[in-house]
Amino acid sequence: MKVRLYQVDAFARRPFAGNPAAVCLLPRWPGDDLLRDVAAENAVPETAFLVPAAGGDYDIRWFTPEVEVDLCGHATLASGWVVLERLGPGRGAVAFRSREAGLLGVERDGERLALDFPSRPARPAGPPPALVAALGGEPRECWKARDYVAVLSSEAEVRSLRPDLAAVRALDAQGLIVTAPGEACDFVSRYFAPQAGIDEDPVTGSAHCTLAPLWAERLGRRELAARQVSRRGGELWCELRGDRVRIAGHVAPFLEGFAEIPL
């Protein structure tokens, strides 16, 4: 069966930057093995699968080339672009129903799109041996939510870090966020998740569900400008709204076509 397939660079002003995501439109949910096979074939950090739901909204699931994840920001932003620019031009917003993270919104924000995501505050944690081994030393601070968060002293430290990925894989978490104050923005970060099949994620919207409340508290502001300083890099504009986080970014389309899937 032919289904629509898009590839979109999220949190990017131009193609070949930000984080690439595939968006696959399905008439119904097939078995999980097929979803994993399609995600592996796409070979981008995340593939979002959409199935139409009531009221013009969509059910959504996300897969890396190896596993399903409970929340993905950049692939949801990409999915929002597909709905608002290709499937329903003129629409101002769309809601996605996820299995574990609840209802997730994407709305127009001038030239950007903005996510409405749950806040996931971290708690202080002692750095486990695997984290110290991954970094080659103890961080200034260690926190934990879905991911471990290692706070470093400077943007330069975050940029130059070459973590031991085998040690990262041994962590009892989905991944490792490293972060520090930014030089030209409020904070910077990088994200490593080899246990999910992604050695380094270019731009991680879901990590900012934890980073936004962390930096909002220490900077005393709800609105924050962030940058993920991976090789591709990306800009994110975050706003803490109670138990929700608004995360905005640009989107650059790259590919549109069809996939042959044995549904």
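Bear in mind that the values in this text are calculations on the coordinates, not laboratory data. Everything quoted here is computed from the prediction, not taken from an experiment. Glycine gets a Cβ as well: all are built from the backbone with ideal geometry, and neighbour counts include every protein chain shown.
Here are the numbers:
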item: In Hz, Karplus ³J(HN,Hα) per residue of the range 127-135 (6.51, -1.76, 1.60; θ = phi - 60°; x = Gly, Pro); result: x, x, x, 5, 5, 4, 5, 4, 8
item: Inter-label distance, nm, simple model (7 Å from Cα along the C-beta direction), residue 157/residue 3; result: 4.4 nm
item: Virtual spin-label span in nm between residue 255 and residue 165, 7 Å along Cα→Cβ; result: 2.1 nm
item: Part-to-part distance (alpha-carbon centres) for the range 40-117 and the range 218-263, which is given in Å; result: 11 Å
item: Rough spin-label spacing in nm, given labels placed 7 Å along Cα→Cβ, for residue 51 and residue 263; result: 1.0 nm
item: Sparsely packed GluC sites (Glu not before Pro) within the range 120-194, loop by DSSP, other Cβ within 10 Å at most 14; result: 183
